[in-house]
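A.B. asks: The structure's right below; bear with me while I get my questions together.
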Amino acid sequence: METLFIGKNTIFLPQVSSTNSYAIDLLKNVNPVEGSVVYTADQTSGKGQRGNRWESEPLSNLHASVILKPSFLDIRKAFFLYQVAALACYDCLAELLDKSQIDIKIKWPNDILVNGKKIAGILIENNIQNNSINWSVIGIGMNVNQENFGALSNATSIRNFTRELYPIRDLIKKVCAQLEKYYLWLKTEKYERITQLYLSRLYGLNMWLNFEYDGRVQSLLVKGVSESGLLMLEDEKNRALLADVKEIKWRY
């Protein structure tokens, strides 16, 4: 693999309940090297935000968790891990899909959309010690070769656009290479550069969109994302609002 450390050590599991949970168990018991990647062909109980499950067809999609040890990163900057993971996924998709015909966006807090439909999700679990991040597990789920999503009408896959089957292992290599690039940016404190790129690809930026917020559905202007990871909004009375993932829900 063409990387310095991310993906050099890989663990493949034919089936597992959750690659994130498996990676966390490894960290608690055997202390794997930074950059280790756990991936599977069949994740039976994948985890999503708000305790949701990540639903996926066996053998068709990417399910991987990357172990990082960003002890250099202050806990107040933890959202930068989401930014670098999202940028890595974005770049992989941009390489495979025709950007002139397809709209790829990062949707706060943890999804990647293609033409408005979810194609990837990110779940990060951190272990905190002394106001810094002892270790971090970055879980990435990406729809690759699955064509039908049943009741999940807002989901899509790479194959639905390219009509080609894509080797999952090759895609994991691409994700690792892109993630390492942005992680090294983070190590060298390129915070402004990361955020500028993240915001340039943010879904809904400077648009009035509908949200379920403060007990009702209302139209709010998306202004950006704060350094701590809160969604920055403005209401119709020009009042600035900050919302975390538990306080607000996108409404299409």
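FYI, it's all coordinate maths here, none of it is from the lab. Only a predicted model underlies this, so the values are computations on that prediction, with no experimental measurement involved. Positions of Cβ are backbone-derived with ideal geometry, glycine not excepted, and every protein chain shown enters the neighbour counts.
A.B. asks: What is the calculated FRET efficiency for Asn206 to Asp170, with r their C-beta to C-beta distance and R₀ = 45 Å, to the nearest 0.05?
C.D. replies: Values: r = 36 Å, r/R0 = 0.80.
Computed FRET efficiency for Asn206 and Asp170 comes out at 0.80.
A.B. asks: Say each of Val33 and Ser132 gets a label point 7 Å from the Cα, pointing the same way as Cα to Cβ; how far apart are those two points in nm?
C.D. replies: A separation of 2.1 nm, rounded to one decimal place.
A.B. asks: Putting +1 on Lys and Arg Cβ atoms and -1 on Asp and Glu Cβ atoms, find which of Leu96, Gly116, Trp185 reaches farthest to the positive end of the dipole of segment 10-200.
C.D. replies: Trp185
A.B. asks: OK, next. Rounding to the nearest 20 debye, state how big the charge dipole of segment 91-143 is about its Cα centre with +1 on each Lys and Arg Cβ and -1 on each Asp and Glu Cβ. Walk me through the numbers before you get to the answer.
C.D. replies: Numbers: 5 positive and 6 negative charges, 36 e Å.
In total the dipole reaches around 180 debye.
A.B. asks: What does the charge dipole of the chain about its Cα centre add up to, to the nearest 20 debye, if the Cβ of each Lys and Arg holds +1 and the Cβ of each Asp and Glu holds -1? List each step's numbers first, then the result.
C.D. replies: Numbers: 30 positive and 27 negative charges, 32 e Å.
Using Cβ point charges on Lys, Arg, Asp and Glu, the chain gives about 160 debye.
A.B. asks: Which length gain, in nm to one decimal place, applies between Val245 and Lys99 when the Cα-Cα distance is subtracted from 0.36 nm times their residue separation? Numbers along the way, then the final one.
C.D. replies: Values: separation 146, 0.36 × 146 = 52.56 nm, distance 2.87 nm.
Result for the pair: 49.7 nm of gain on full extension.
A.B. asks: Using Cα springs under 10 Å in a Gaussian network model of the chain, which residue among Gly204, Gly150, Gly35 shows the largest mean-square fluctuation?
C.D. replies: Gly150
A.B. asks: Here's something else I'd like to know. If the reach is capped at under 25 angstrom between alpha carbons, list the lysines near Lys117, excluding any in the same chain fewer than eight residues apart.
C.D. replies: Lys47, Lys99, Lys105, Lys107, Lys173, Lys174, Lys223, Lys246, Lys249
A.B. asks: Rounded to whole Å, give me the distance from the Cα center of segment 92-139 to that of segment 65-80.
C.D. replies: Using only Cα atoms to place each centre, the spacing works out to 15 Å.
A.B. asks: Within 10 Å of each candidate Cβ there may be at most 14 other Cβ atoms; applying that plus a DSSP loop requirement, which trypsin sites (Lys or Arg not before Pro) in segment 113-171 survive?
C.D. replies: Values: sites: Lys117, Lys118, Arg159, Arg163, Arg169; in loops: Arg163.
When the trypsin sites (Lys or Arg not before Pro) of segment 113-171 are filtered for loop state and at most 14 Cβ neighbours within 10 Å, Arg163 remain.
A.B. asks: Just want the answer: with Cβ charges of +1 for Lys and Arg and -1 for Asp and Glu, which residue in Leu202, Val175, Ile140 is farthest toward the dipole's positive end in segment 140-210?
C.D. replies: Val175
A.B. asks: Which one, Val222, Val175, Val137, has the greatest fluctuation when you compute a Gaussian network model over the chain with C-alpha springs under 10 angstrom?
C.D. replies: Its mean-square fluctuation being the largest, the pick is Val222.
A.B. asks: What is the magnitude of the charge dipole of segment 208-251 about its Cα centre, with +1 placed on the Cβ of each Lys and Arg, -1 on the Cβ of each Asp and Glu, and no other charges, expressed in debye to the nearest 20?
C.D. replies: Details: 7 positive and 8 negative charges, 24 e Å.
Its charge dipole is roughly 120 debye.
A.B. asks: Taking 0.36 nm per residue of sequence separation and subtracting the Cα-Cα distance, how much length would be gained by fully extending the chain between Thr188 and Asp25, in nm to one decimal? All intermediate terms of the calculation are to be shown ahead of the outcome.
C.D. replies: Working: separation 163, 0.36 × 163 = 58.68 nm, distance 2.93 nm.
Going from the current span to full extension adds 55.7 nm.
A.B. asks: Along the charge dipole of segment 208-251, Cβ charges K/R +1 and D/E -1, which of Val217, Leu233, Ala243 sits furthest on the positive end?
C.D. replies: Val217
A.B. asks: Rounded to the nearest 0.05, what FRET efficiency do Val217 and Asp42 have when you use their Cβ-Cβ distance and R0 = 51 Å? Don't skip to the answer; put the middle values down first.
C.D. replies: Working: r = 38 Å, r/R0 = 0.74.
Calculated value: 0.85.
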